[in-house]
Each structure stands twice: as structure tokens, then as C-alpha cells.
Amino acid sequence: MIRLAILASGSGSNAEKIMEHFQGSSKAQVGLVGSNKADAFVLERAKKFGVPTFTFSRKEMDAGVLLAKLQEEKIDWVILAGFLLKIPDELIRAFSDHMVNIHPALLPKYGGKGMYGVHVHEAVKASGDTETGITIHLVNEHYDEGKIIFQAATPVTPEDTPDTIAQKVHALEHRYFPEVIESLLG
Ligand SMILES: Nc1nc2c(c(=O)[nH]1)N[C@@H](CN(C=O)c1ccc(C(=O)N[C@@H](CCC(=O)O)C(=O)O)cc1)CN2
Ligand SMILES: NCC(=O)N[C@@H]1O[C@H](COP(=O)([O-])[O-])[C@@H](O)[C@H]1O
């Protein structure tokens, strides 16, 4: 059984879709949900699915505490689903080509430091672009520069707001992220 860990910093709607997708699977299971925010709603969503949770600070992550927990739990893949801290190089190396992230835009546009959540959709709106979308990529030591695995697009109209853009992007994420993860597991 392949074991997945999901890292998230906020609401966790993507984490919920992933837990839903693998519930009862004979191929993989979500073995841990981790967050750097003790009050993140993703932790409540994990409890609903009976998935163990783990909270940690940036300092603890950088000191190796998260890596030790992932190894203790025999995690095979790490899924970043709205996780807002920079993953340290040691953790990247430990999960080389076994750590994926979802970004709410069509990289390489609108990526990098500061580009998370609604900030991304505000930048897309301000640009006048007529489309946006999602990117699922392997994680390397730089924000949003890992190998792109999957992208999907959706139109942006002049009537769209950052919030309506976010709704369209979330719909794509929920539709594709669980299946793309499964396709990576071999
Ligand atoms: N080593 C890597 N770590 C992370 C990556 C990555 O590709 N390589 N992806 C991010 C997820 N992400 C975009 O998809 C992203 C998340 C957060 C930020 C950002 O600017 N964060 C702020 C801090 C925000 C906070 O503390 O609440 C910052 O660094 O100043 C950019 C991109 C996850 N980790
Ligand atoms: N750059 C990272 C980033 O912005 N990630 C984004 O955070 C949201 C988390 O939503 P969720 O907590 O409901 O899954 C998602 O839209 C994800 O693409």
C-alpha cells in the first residue's frame, strides 16, 4: 500500500478531494495530514476521514522534525495542497521526485514568492489575460520551478473577479488533482 502525506496551511478543499478519492483504495492511502497552522480547517477535514494529523512550525520543519515524522509514518509521497511555506532542501532530497504541488495558475506565469491564494487570481485579473488554470508539478528547491506534470485551463472574462476566478480554478483542481496524483503512483 502506497502511503501519502498531504501538507496544507488552510481550508483543505483539495485535501478533502484527495482523501475522498483514495478512501477504500487498494493502491494508496492518505496516512497523514500535516499543517503549519494549528487552526487550519484542513485538520478538521482530516479528522472526518479518520486521517492522523500533525502540526509543526516553520522552525520545526527546518530543523527536520517534519522529515522525521514522515519517515516514522513510512510516507512514500508528499502532496502539497495549499501549503504556504518553502520546503527545505533536506526534505526535497528525501522525497526526490516524490513530492508534488498544485499551483492555481498556468506556470511559469504567476509563480514564485508571494504568488499564493487570491494574490494569484488578483494578478491574473489585473493582467487582462483571457485564460488561467492549474499546474501540478514536482517540487524542487525553488518556488514553482519543478517539472510540470499537468496543466488545465479555463477562460477568464472581463466580468470575472478574483473570487470568480478562484471558483473556476478550484473546480479544475478538484476535478484533476486526485486523478493526476494516482497516475503518478505507478
Ligand atoms: N521548495 C519548495 N517549496 C514549496 C513550493 C515549491 O515549489 N518548492 N511550492 C509552494 C506552494 N506555492 C505555490 O504553489 C507557494 C506557496 C507560498 C508562497 C509564498 O510566497 N509564501 C510566503 C509565506 C506565506 C505565509 O507564511 O503564509 C513567503 O515565502 O514569503 C509561494 C508559493 C509550497 N512550498
Ligand atoms: N501557491 C500555492 C497556492 O496558492 N496554492 C493554492 O492554495 C489553494 C488551497 O485551497 P484549499 O486549501 O481549499 O485546498 C489552492 O487553490 C491551491 O492551488
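The values are calculated or read from the model by the stated rules, or taken from the named source; none is laboratory data. Note that this is a predicted model, so its numbers are computed, not measured. Here the Cβ positions follow ideal geometry from the backbone for every residue, glycine too, while neighbour counts run over all protein chains shown. Keep in mind that these areas ignore ligands, DNA and RNA; they rest on the heavy atoms of the full protein, side chains included. Shrake-Rupley method; radii C 1.70, N 1.55, O 1.52, S 1.80 Å.
State to the nearest 20 debye the size of the charge dipole of the chain about its Cα centre, where the only charges are +1 on K and R beta carbons and -1 on D and E beta carbons.
Details: 19 positive and 24 negative charges, 74 e Å.
So the dipole magnitude of the chain works out to roughly 360 debye.
When the chain is described by a simple charge dipole with +1 on each Lys and Arg Cβ and -1 on each Asp and Glu Cβ, the residue from GLY146, THR161, ILE92 located farthest towards its positive end is ILE92.
If you roll a 1.4 Å probe over the chain with all protein chains in place, what percent of the accessible area is carbon or sulfur? Numbers along the way, then the final one.
Working: 4550 of 9020 Å².
Heavy-atom surface of the chain belonging to carbon and sulfur, 1.4 Å probe: 50 percent.
From the helices alone, meaning DSSP H stretches of at least four residues, give me the mean residue ellipticity at 222 nm for the chain, per-run term -39500 (n - 2.57), in deg cm²/dmol to the nearest 500.
Numbers: 7 runs with 70 residues, N = 186.
The helix-only estimate for the chain comes to -11000 deg cm²/dmol at 222 nm.
Calculated FRET efficiency, ARG175 to GLN71, Cβ-Cβ distance, R0 = 30 Å: about 0.40 to the nearest 0.05. Spin-label point model (7 Å from Cα, Cβ direction): what's the LYS27 to SER96 distance in nm? So the label points at LYS27 and SER96 sit 2.6 nm apart. Between the residues GLY114, LEU70, GLY133, the greatest Cα displacement towards the positive end of the dipole of the chain, with unit charges on the Cβ of Lys, Arg, Asp and Glu, is found for LEU70. Taking amide H atoms as placed 1.01 Å from N in the peptide plane, the amide H of LEU80 lies under 5 Å from those of LEU7, VAL100, ASN101, ILE102, each 5 or more residues away in sequence or on another chain.
Taking only the C-alpha atoms of region 1-96, the Rg (one decimal) and the largest Cα-Cα distance, Dmax (whole number), read 12.3, 36 Å.
Treating only the Cβ atoms of Lys and Arg (+1) and Asp and Glu (-1) as charged, compute the dipole magnitude of region 127-186 about its Cα centre; round to the nearest 20 debye. Mind showing how you got there, number by number?
Numbers: 3 positive and 11 negative charges, 38 e Å.
That gives region 127-186 a dipole magnitude of about 180 debye.
For PHE150, the residues whose modelled amide H falls within less than 5 Å of its own, excluding neighbours fewer than 5 places apart on the same chain, are ILE136. Across region 8-13, computed HN-Hα scalar couplings (Karplus, 6.51 cos²θ - 1.76 cosθ + 1.60, θ = phi - 60°) run 8, 10, x, 4, x, 5 Hz from first to last residue, x flagging Gly and Pro. In the structure displayed, which of LYS47/LYS74; LYS27/LYS59; LYS69/LYS109; LYS27/LYS109 lie more than 26 Å apart, Cα to Cα? From the list (LYS47/LYS74; LYS27/LYS59; LYS69/LYS109; LYS27/LYS109), the Cα-Cα distance tops 26 Å for LYS27/LYS59; LYS69/LYS109; LYS27/LYS109.
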